[in-house]
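Report on one structure; see the data block that follows.
The values are calculated or read from the model by the stated rules, or taken from the named source; none is laboratory data. As the structure is a prediction and not an experimental result, all values here were calculated from the model. Methodologically, a virtual Cβ is constructed for each residue, glycine included, from the backbone with ideal geometry; neighbour enumeration extends over all protein chains shown. Ligands, DNA and RNA are excluded from the accessible area calculation, which covers all protein heavy atoms including side chains. Shrake-Rupley method; radii C 1.70, N 1.55, O 1.52, S 1.80 Å.
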Amino acid sequence: MTLQQLKYVLEVANKGSISEAAKDLFISQPSLSAAIKELEKEIGINIFIRTNRGIKVTNDGTEFLGYARQVLQQAELLEDKYINSTPSKQRFSVSTQHYTFTANAFVELVKEFGLEEYEFTLRETKTFNIIDDVRNLKSELGIIYLSSFNEQVIRKYLDESNLFFSELFTANPHVFISRENPLASQSSVPLDDLENLPCLTFEQGDYNSFYFSEEILSTRSVKKRIKVSDRAAIVNFIIGLNGYTISSGIFPKYLHGKDIISIPLEVEEKIRIGVIVHKDITLSKLGEIYIEKLKNIRFDM
C-alpha cells in the first residue's frame, strides 16, 4: 500500500468517477483502474462498486477512506515540517448537534490557536450524520446528548461504529422562548403551559427516529410542530411565532442579544451532553483544547 494509491482512491471517491479522477490525476483511466484493483486485492475489500452510472463507495470502503484521509493529512504535515520547511497548516473538524455553545467554543479555539494557515470545520448537522462523520474520521469529534430515553439505542450504535461517549456535563432541560412570550415571566414552565405554542424541532432526514431527535420528550404529542434544518430558523420562529424549543439552557446571550431567554422545564429528565470520539484515534492537541473550552462554556454563561 502506498500514499499514491491512497491519493488515487480518495480522488475517485470525491469525483464519483474513475474517468474524471484520471483526468485530474493526469494518468490514464486503465492505469488508475489497475492501481485501485491492486490496492483492493492487497487489503482484501472492495472499496468501490462499479456501475453503469459510475462508482459507488462500499460500506467497507467508507471506513477505509476515513483512515486513508487521516494518513494523507499526517503525511502532508510531515512534508511541510521536514521537507518543505513551511509551517504546518492546522486542521481540525467537529460535527455537532445545533448548540450555540459548541459554536462559541469553536470561535474561542480559532481566535486563540489559529495560526497563519489553518483549515477548521464546524458541521452543525443531524444526529446520524454526526456519528457517521466521526466513524469515518471526517470529524475528529462529535457533540451529542444522551438521556434515559435514547441512551440504549445510541450507545448500541456507537459501539457498532467503534466510538465512545465521554460526558461533558449534565444539564436540566430548559425551554427557549422569546422575551415577549406570555410565559417569559415564569420562573419555571410545566409541560401543560406549552400546549398551544408551536414546538420547534430539528428535522433528522432519513433517520427521523425518536431516538435520534435533538430534543428530549420527542415522543410527546403536540398540537403544533415546525421542523427546521438550521439554528437561525429556530431563532426566527421563536421570536416571530412565539414558538419554543427544548434544550440544555446553556445559551451565550451575546450571540442573539436579549431577545431569547431560557426557563427551566418542569420535568424529571436530564440531558447529558458529551463528546464522541473514534476508539482508534488519539485526540490531537486542538481536540483536547476544544473539549476543555466546551467544559468551561457552561460556567461562562
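A few notes on this one:
- Test: residue in region 228-237 that is at pLDDT 90 or above, part of a loop (DSSP other than H, G, I, E, B), farther than 23 Å from Arg272 by Cα and more than 17 Å from the chain's Cα centre (by Cα): no
- First in region 275-294 and under 24 Å from Tyr157 (Cα atoms), second anywhere and polar (S, T, N, Q) and part of a strand (DSSP E or B), Cβ under 6 Å, 6 or more apart: Val275/Ser166
- Qualifying position, being more than 22 Å from Arg179 (Cα to Cα) and not β-branched (Val, Ile, Thr), among Asp280, Asp259, Asp192: Asp280
- In region 265-301, the qualifying residues are those that are at pLDDT below 90 and farther than 19 Å from Asp133 by Cβ, and the one that is least open to solvent (accessible area, probe 1.4 Å) is Ile297.
- Checking each residue in region 1-42 for being under 20 Å from Gln74 (Cβ atoms), touching a helix residue (DSSP H, G or I) at 6+ places or on another chain (Cβ under 7 Å) and free of Cβ contacts under 8 Å to residues at least 60 places away in the same chain picks out Met1, Gln5, Tyr8, Val9, Glu11, Ala13, Leu39.
- Selection within region 8-43 - more than 27 Å from the chain's Cα centre (by Cα), open to solvent by 30 Å² or more (accessible area, probe 1.4 Å) and closer than 15 Å to Ala68 by Cα: Glu42, Ile43
- Residues that are touching a strand residue (DSSP E or B) at 6+ places or on another chain (Cβ under 8 Å) and small (Gly, Ala, Ser) were ranked within region 104-143; the one that is surrounded by the most Cβ atoms within 10 Å (Cβ to Cβ) is Gly142.
- Only one entry of Phe165, Phe176 meets the criterion of being more than 20 Å from Gly249 (Cα to Cα), assigned to a strand (DSSP E or B) and either modelled with pLDDT of 95 or more or more than 18 Å from the chain's Cα centre (by Cα) (or both), and that entry is Phe165.
- Residues in region 146-187 that are crowded, with 18+ Cβ neighbours inside 10 Å and either among the β-branched types (Val, Ile, Thr) or without any contact (Cβ under 8 Å) to a residue 12 or more places away in the chain (or both): Ile154, Val175, Ile177.
- Verdict on Glu195 being of a type in the set (D, E, K, R) and under 23 Å from the mean Cα position of the chain (by Cα): no
- Unmet criterion (only one of (1) touching a Phe, Trp or Tyr at 6+ places or on another chain (Cβ under 8 Å); (2) of a type in the set (Phe, Trp, Tyr); (3) under 27 Å from Lys258 (Cα atoms)) for Phe212: (3)
- Scanning region 179-192 for residues that are of a type in the set (D, E, K, R) and either within 20 Å of the chain's Cα centre (by Cα) or in a loop (DSSP other than H, G, I, E, B) (or both), we see that the one that is nearest to Ile263 (Cα to Cα) is Arg179.
- For region 211-221, the condition of being in a helix (DSSP H, G or I) and either touching a residue at least 60 places away in the same chain (Cβ under 8 Å) or surrounded by 13 or more Cβ atoms within 10 Å (Cβ to Cβ) (or both) holds for at least one residue.
- Residue in region 48-76 that is farthest from Tyr118 (Cα to Cα), counting only those that are over 24 Å from the mean Cα position of the chain (by Cα) and open to solvent by less than 50 Å² (accessible area, probe 1.4 Å): Gly54
- Residue within region 241-257 that is open to solvent by 70 Å² or more (accessible area, probe 1.4 Å) and either in contact with a Gly (Cβ under 9 Å, 6 or more places away or on another chain) or in a loop (DSSP other than H, G, I, E, B) (or both) present: no
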